[in-house]
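All remarks here apply to the structure that follows.
Quick note: the coordinates plus some simple rules give every number you see, no bench work behind them. These numbers come from a predicted model, not from an experiment. Quick reminder, even Gly has a Cβ in these numbers, built from the backbone with ideal geometry, and neighbours come from all protein chains shown.
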Amino acid sequence: MAEAAERRGGAGLERLDVVIVGAGLSGIGAARHLQQKCPRKTIAILEARQAIGGTWDLFRYPGVRADSDMATLGYAFRPWDDSKAIADGAAILKYIRGVAEEYRLDRLIRFGCRLVRASWDSQEAGWTLEVERSDGEALRLACRFLFMCAGYYDYAQGFLPGWPGMDRFRGRIVHPQAWPDRLDCAGRRIVVIGSGATAVTLVPALAATAAHVTMLQRSPTFVVSRPTTDPSAAWLMRRLPRRLAFALVRWKNIILQMYFYRLCRRKPEAARRWILKSAQDALGPEFDASALFGARYDPWDQRLCLVPDGDLFDAIRTGKASVINGEIERFTERGLELKSGERLEADIVVTATGLVMRLMGGAEIAVGGASVDVGAATTYKGVMYSDVPNLASAFGYPNASWTLKCDLSAEYVCRLLGYMDRRGYAVCTPRLGAAPAGEDPTLPLSSGYIERARAILPKQRLERPWRMNQNYALDLIDLRLSPIEDGALEFRRLERARVRVRLGASSWKGSP
Ligand SMILES: Cc1cc2nc3c(=O)[nH]c(=O)nc-3n(C[C@H](O)[C@H](O)[C@H](O)COP(=O)(O)OP(=O)(O)OC[C@H]3O[C@@H](n4cnc5c(N)ncnc54)[C@H](O)[C@@H]3O)c2cc1C
């Protein structure tokens, strides 16, 4: 009875057109797109934490920064003004907050609201959302369309393999995802376990004050130096109107990213030689670049690690940091013992061992009363999922800037909603029809955190629109230019919804 009353719009159930989950880079971007292109839609953003910014608010370790240029990691609609093309975490956070404030998107955010379950009601053609508030209260909301912008990893904890003897270690063990506020690293001997983007960021930053920093890696990772500032961007900014200059810089960087990625995939041996020669030149003859940074895989089998202005190479060359290849046998009271028998003494051990992947912000998604197994679903244009109605997610590129894909995904959602409104459709569902479900992995990288998460990642088919392009130019065609009706997206009308659309009101407001 109570449920029926809620469905009719009674019992205080708030109904919105679109609910965005997550107020990080992609959620704030999605809200801005919707605000601009679907101004009559009622929108709310659910954010589990008490802050805007997601990743860029959570991660506070020394030196935290992007390894993408901000012309492409920033939004297309908001030029990145700073002269630094590679920005630190604080500057990115300021940028996201600035966008939220400027467009008054912060007013849409419900802080401390974690989505725990979304259930699709086909009769009502909408989602019922079960939300856990940080004060312990439970809250229910309803929405027509659900836009998941909840990132891709578990906020509660990072990945920690665990080694024997950790409890015996008398120093401090720190995971970069939970960096303590006042950790004094000055004059300390630090071992950073790991070789990914976080490790190569931390090592030079810590080396600035530490007694010594050792980067302990099981196997090497390719590392590429790039200048923090982009002189050609500065040149254009001085001569052209701001928006035009920004658009040109953005396109230049998009094309360069795509070109370099393709080159690495097509000519891996040449790319390897170039990467290692650059590292060798930066390190000087005393070091063996291929021993330290000659990965066993091909370039871009895993994400390339960027070192701005060669800071990691400088730290190694000047003796403030060193890199050791080895596997940990156990922790001891004073540090680490490696399988080779070598011992590393440390005051602080940083476990830069990665993330735990988690999709849909850990929320259960249910359609027709049954939980959706996202790991078995086939992705539709890399934005929606087979047989899941009225749900999109923002999942950025692993081989280019995250925001490039998220911007296109949000644009597509706006196009889709506008199209549905014009035709009086209430429901859209990607349907495979007679085609078999996808079996191919959606992420083209073999990084540890992706390998560990294969089972929970959606699958793809190799033909459109079931393919994950991982390519901005192809996505531009699929998401911005291709017709909405493509035979794979099934639409359904509801009498009630059609009446409201004709009345010109928000598609889901008021009581029936
Ligand atoms: C250290 C680090 C550096 C990175 N550097 C780069 C880079 O240089 N270039 C690049 O392209 N990518 C980079 N990435 C990837 C990065 O995560 C993205 O660039 C981007 O910031 C992700 O934004 P997002 O909004 O999609 O997700 P997030 O930043 O993860 O934000 C998701 C938000 O959703 C909220 N949320 C999650 N679950 C729920 C729920 N159930 N209910 C309510 N709210 C929820 C979270 O609290 C969070 O605020 C980096 C990632 C890390 C960890």
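Data for the structure
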item	result
The chain, helix-only ellipticity at 222 nm - DSSP H runs n ≥ 4, -39,500 (n - 2.57), divided by all residues, nearest 500	-9000 deg cm²/dmol
With Cα atoms, 0 to 90° folded angle of helix 25-37 axis to the chain main axis	30
Simple label model, 7 Å out from Cα along Cβ direction - K277 to R303, nm	2.8
I324-R493 FRET efficiency (beta carbon distance; Förster radius 45 Å; 0.05 resolution)	0.10
For region 487-493, 3J(HN,Hα) per residue [Karplus equation, 6.51 cos²θ - 1.76 cosθ + 1.60, θ = phi - 60°, Hz, x = Gly/Pro]	x, 9, 9, 8, 10, 9, 9
Residues of region 340-371 with amide N under 19 Å of a point placed 7 Å along Cα→Cβ from A208	350
Chain lengthening between A91 and R168 when straightened (0.36 nm per residue, less Cα-Cα)	23.9 nm
Amide H contacts under 5 Å for R110, placed H, 5+ residues apart	I45, L46, E47
Additional length obtainable on full extension of the chain from A455 to S371, 0.36 nm per residue less Cα span	28.7 nm
Alpha carbon convex hull of region 182-305, volume per residue in cubic angstrom	150
Interchain or long-range residues, amide H under 5 Å from Y153's placed H	R358
Per-bin percent of Cα-Cα distances, region 158-254 [10 Å]	12, 32, 22, 18, 12, 3, 0
Long-range HN-HN contacts of R226 with modeled amide H, under 5 Å	V307, D309, G310
Environment charge at P430 (Cβ cut-off 9 Å; Lys +1, Arg +1, Asp -1, Glu -1)	0
Dipole of the chain [Lys/Arg +1, Asp/Glu -1 at C-beta], most positive-end residue of L108, F260, Q280	L108
Solvent-free Debye scattering, log10 I(q)/I(0), computed from the Cα coordinates of region 100-159 at q = 0.18 Å⁻¹	-0.83
Region 163-219 and region 98-121: distance between their alpha carbon centers, rounded to Å	35
Kirkwood Rh (inverse of mean 1/r, distinct Cα pairs), region 226-372, angstrom	19.9
Label zone at R431, where the point sits 7 Å out along the Cα-to-Cβ direction: region 458-497 residues whose backbone N lies under 15 Å	485-494
Whole-Å semi-axes of the chain's equivalent ellipsoid (Cα gyration tensor)	43, 26, 22
Gyration tensor verdict on region 322-447 (Cα atoms; rounded if a/c is under 1.5, prolate if a/b is larger than b/c, oblate otherwise)	prolate
Region 432-488 versus region 328-380: alpha-carbon centroid distance in Å	24
Nearest-0.05 FRET efficiency for A186 and K37, computed from C-beta distance (R0 60 Å)	0.75
Volume of the Cα convex hull of region 1-130, divided per residue and given in Å³	124
Helix axis angle, 89-102 relative to the chain longest principal axis, alpha carbon, degrees	20
Compactness of region 390-463, expressed as Rg and Dmax over alpha-carbon positions, Å	15.1, 45
Candidate aspartates and glutamates - alpha carbon under 14 Å from K94, same-chain residues fewer than 8 apart omitted	D57, D81, D82, E102, D106
Additional length obtainable on full extension of the chain from R60 to Q157, 0.36 nm per residue less Cα span	33.5 nm
Rounded tilt (10° steps) of 242-266 against the dominant C-alpha axis of the chain	70
